[in-house]
Amino acid sequence: MKTTLKIAIQKSGRLNEDSIKILKESGIEFNNGLNKLKADAINFPLEVFFLRDDDIPQYVEDGVADIGIVGENVLFEKNKNVFIVDKLGFGKCKLSIAIPKNQKYNGIQDLNKKRIATSYSFLLTKFLKKNKINAEIHEISGSVEIAPSIGLADAVCDLVSSGSTLFTNGLKEVEVIFNSQAVLISNNKLQKEKQLILEKLLFRINSVKKSKNNKYILLNAPNENLDAICKILPGMKSPTILPLAEKGWSSVHSVVNENDFWEIIEKLKSKGAQGILVVPIEKMIV
Ligand code: ATP
Ligand code: ZN
């Protein structure tokens, strides 16, 4: 029988769409119809399991699934023995402590003797212990943010992305426990064949990630400034230079990283670059 790699992703919720997207952008086709528990990829040795995110670390530890995509918040809360293969750059959020917004806060010691509602009691306990705070933890599984307004707690420890949910519930963030994103995890003892499939998958995921962080740039440059412009543009090897029909001008093509993007554009303009075009890259194999 042919070996397949089993991946667990969230069935529905905040990580579902991006998890499917990263697999599809990696060229893996499968049918993710509603209410399906499992799908076989058509063109890659992969089986996809659709599960609740909370169950994914356990399934990967047990080897029911070989790999999985889950938020670091869930992974660290569950504290399972799995291997983090890669950070995926989506599902970004913070695990934070928040209190009613009209309350004064002078520092972490203000949490002493407070009741804090959370679904993350393991991580919160660790955080409080590290900071020598003695608070009461109320473990609840959902709608944590309403706990203070119904008198169940004085503070909450919950996931925050924009902060708007906190605000609408009359809360303000006072401590950030950690920053989380989606990660690819794997069972610690993958068979050799499965490891090879995982490496192939990772190679594809990384070329998708790289392409997102980079842009293809085309511009026109006066020949006398070509040297200076090439120094600004490293490219994958070095920039491509093509002569333009207009004498004394060339077209320069290169790849730039999103992080340095605006800075590079400024420098290029200062060296006389014109007609700058920036285009997205679909895949980047380096
Ligand atoms: P499930 O039904 O699978 O248990 P859930 O309700 O526990 O889903 P979601 O709300 O869908 O979980 O969130 C899944 C993950 O998305 C979180 O664990 C976290 O890693 C990430 N996430 C990103 N931004 C946020 C946010 N603003 N609030 C909550 N989770 C976020
Ligand atoms: Zn969940």
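The values are calculated or read from the model by the stated rules, or taken from the named source; none is laboratory data. These figures come from a predicted structure and were not determined experimentally. Backbone-built Cβ (ideal geometry, glycine too); neighbour counts: all protein chains shown.
Identify the residue in the range 62-71 that is crowded, with 17+ Cβ neighbours inside 10 Å and under 18 Å from residue 201 (Cβ atoms) and, among all such residues, is nearest to ligand 2 (Cβ to nearest atom).
Let us first name the residues in the range 62-71 that are crowded, with 17+ Cβ neighbours inside 10 Å, namely 65-71.
Within this subset, residues satisfying the condition of being under 18 Å from residue 201 (Cβ atoms) are 65-70.
Numbers: 65: 16, 66: 21, 67: 18, 68: 13, 69: 13, 70: 9 Å.
Among residues in the range 62-71 that are crowded, with 17+ Cβ neighbours inside 10 Å and under 18 Å from residue 201 (Cβ atoms), the one nearest to ligand 2 (Cβ to nearest atom) is 70.
For the range 36-61, enumerate the residues that are within 13 Å of ligand 1 (Cβ to nearest atom) and either assigned to a strand (DSSP E or B) or surrounded by 19 or more Cβ atoms within 10 Å (Cβ to Cβ) (or both).
Residues satisfying the conditions are 49, 50, 51, 53, 55, 56, 57, 59.
Anything in the range 5-21 that is within 14 Å of ligand 1 (Cβ to nearest atom), touching a residue at least 40 places away in the same chain (Cβ under 8 Å) and among the aliphatic types (A, V, I, L, M)? List them, or say none.
If the condition is that a residue be within 14 Å of ligand 1 (Cβ to nearest atom), touching a residue at least 40 places away in the same chain (Cβ under 8 Å) and among the aliphatic types (A, V, I, L, M), then 8, 9, 15 are the ones that fit.
Restricted to the range 238-257, and to residues that are touching a Ser or Thr at 6+ places or on another chain (Cβ under 9 Å), in contact (Cβ under 8 Å) with a residue 24 or more places away in the chain and surrounded by fewer than 19 Cβ atoms within 10 Å (Cβ to Cβ), which residue is farthest from residue 279 (Cα to Cα)?
244
For the structure I just gave you, tell me whether residue 217 is at pLDDT 95 or above, under 30 Å from residue 24 (Cβ atoms) and either among the acidic types (Asp, Glu) or touching a Ser or Thr at 6+ places or on another chain (Cβ under 9 Å) (or both).
No.
Checking the conditions here, which among 208, 183 is in a strand (DSSP E or B), within 18 Å of residue 86 (Cβ to Cβ) and touching a residue at least 12 places away in the same chain (Cβ under 8 Å)?
183
Please work out if residue 88 is crowded, with 16+ Cβ neighbours inside 10 Å and touching a residue at least 12 places away in the same chain (Cβ under 8 Å). It would help to see each step written out before you state the result.
Working: crowded, with 16+ Cβ neighbours inside 10 Å: yes; touching a residue at least 12 places away in the same chain (Cβ under 8 Å): yes.
Judged against the criteria, residue 88 is a match.
So that you can scan it fast, the table gives a plain yes or no per residue for (1) in contact with a helix residue (DSSP H, G or I) (Cβ under 9 Å, 6 or more places away or on another chain); (2) under 30 Å from residue 64 (Cα atoms); (3) of a type in the set (Val, Ile, Thr):
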| position | (1), (2), (3) |
| --- | --- |
| 199 | no, yes, no |
| 209 | yes, yes, no |
| 217 | yes, no, yes |
| 241 | yes, no, yes |
| 273 | yes, no, no |
